[in-house]
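The values are calculated or read from the model by the stated rules, or taken from the named source; none is laboratory data. All values derive from a computational prediction rather than experimental measurement. Counting neighbours? That spans all protein chains shown, and the Cβs are built from the backbone with ideal geometry, glycine included. With ligands, DNA and RNA removed, areas are computed over all heavy atoms of the protein, side chains included. Shrake-Rupley method; radii C 1.70, N 1.55, O 1.52, S 1.80 Å.
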Amino acid sequence: VLLTGGCATGSPHVPPGKPAEFLKVPPGFRADILVENVPDARSMALGEGGTLFVGTRFSGGGAVYAVRNALGGNPTVLKFAEGLSMPNGLALHEGALYVAEQKRLIRFPDAEASLDKPPAAEVVDPALPFKGVLHSWKYLAVGPDGKMYLPVGAPCNACAEPGFGVILRMNPDGTGREVVASGIRNSVGLTWYPTTKELWFTDNGRDMLGDDVPPCELNRAPRTGLDFGFPYCHGGTITDPQFGAAGSCSTAVPPVQALGPHVAPLGVKFYTGR
């Protein structure tokens, strides 16, 4: 299941009104509106008790929302936290809600049990890489190893900036931070294959090479330490006109699937139901 958004060039936008009518879903699936009063809803995380936590990016006012009874009848929306800096990425681990802001990773202990009186945020990592607003919003997921995985997008359209264009992982307490994959322009979605536990992630391709190139990407990382080519190679075959000398497409890991140009792929999940 791959969700796409839109980016700066050549991207269609859903008209206002009833967005569920414009989603394309496979036969046998249906898209419905759960709730409508969550401004700028972005990444989501579902708690064991049926609470859906929702991160925001721009117009959400730095807020994290909680949709109580999301799986049952009569879902209601609560403002769980506010005053945060682009709290885009969310993940739940051992009852705590982890929130990835632009510059730090925080958590709220016992989040689902404290909806009416949320606890104070605890800082897990106070200094995530940051260099300007572009691609600074973070995605967040808990891996099968129980660690936090967090992409750090490039602070540019195309550039070679040390410490950016990577996927990081760390222990739930913030220790042991390391790079697990590099050469990634801006990933806003990652997951693991259910049986092999291999990491899969989306990547948003660069702009300003035209409406038809390069493709955005769906990638697979069967091991740590792989380089997926940015900024010198795009889509596994396209040498960057400015940074091509920094590497070779022959050594970059090609995408599993080249997606359309400027489709802005976001969340990706493996569906195991029937």
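General observations
- Qualifying residue in the range 264-272 (condition: open to solvent by less than 50 Å² (accessible area, probe 1.4 Å) and outside any strand (DSSP E or B)): yes
- Taking the criterion of being open to solvent by less than 60 Å² (accessible area, probe 1.4 Å) and at negative phi, the residues of the range 51-64 that qualify are Thr51, Leu52, Phe53, Val54, Gly55, Thr56, Arg57, Gly60, Ala63, Val64.
- Being on the phi < 0 side of the Ramachandran plot, touching a residue at least 24 places away in the same chain (Cβ under 8 Å), among the charged types (D, E, K, R) and open to solvent by less than 60 Å² (accessible area, probe 1.4 Å) holds for only one residue in Glu112, Glu48, and it is Glu112.
- Checked against the criterion of being open to solvent by less than 10 Å² (accessible area, probe 1.4 Å) and not in a loop (DSSP other than H, G, I, E, B), the range 244-262 contains not a single residue that satisfies it.
- Selection count where residues are among the small types (Gly, Ala, Ser) and surrounded by 16 or more Cβ atoms within 10 Å (Cβ to Cβ), scope the range 76-94: 3
- Boolean, Glu161 is charged (D, E, K, R) and not in a loop (DSSP other than H, G, I, E, B): no
- Candidates Lys131, Lys117, filtered to the one that is exposed (fewer than 15 other Cβ atoms within 10 Å of the Cβ) and either more than 18 Å from the chain's Cα centre (by Cα) or free of Cβ contacts under 8 Å to residues at least 40 places away in the same chain (or both): Lys117
- Once the range 204-260 is narrowed to residues that are among the β-branched types (Val, Ile, Thr) and free of Cβ contacts under 8 Å to residues at least 40 places away in the same chain, the residue that is nearest to Ala160 (Cα to Cα) is Thr239.
- Considering residues of the range 207-231 that are open to solvent by 20 Å² or more (accessible area, probe 1.4 Å) and in contact with an Asp or Glu (Cβ under 9 Å, 6 or more places away or on another chain) only, the residue farthest from Val152 (Cα to Cα): Leu209
- Candidates Leu168, Leu150, Leu190 - the one that is in contact with an Asp or Glu (Cβ under 8 Å, 6 or more places away or on another chain) and crowded, with 16+ Cβ neighbours inside 10 Å: Leu168
- Every residue from the range 65-75 that is surrounded by fewer than 22 Cβ atoms within 10 Å (Cβ to Cβ) and touching a residue at least 40 places away in the same chain (Cβ under 8 Å): Arg68, Pro75
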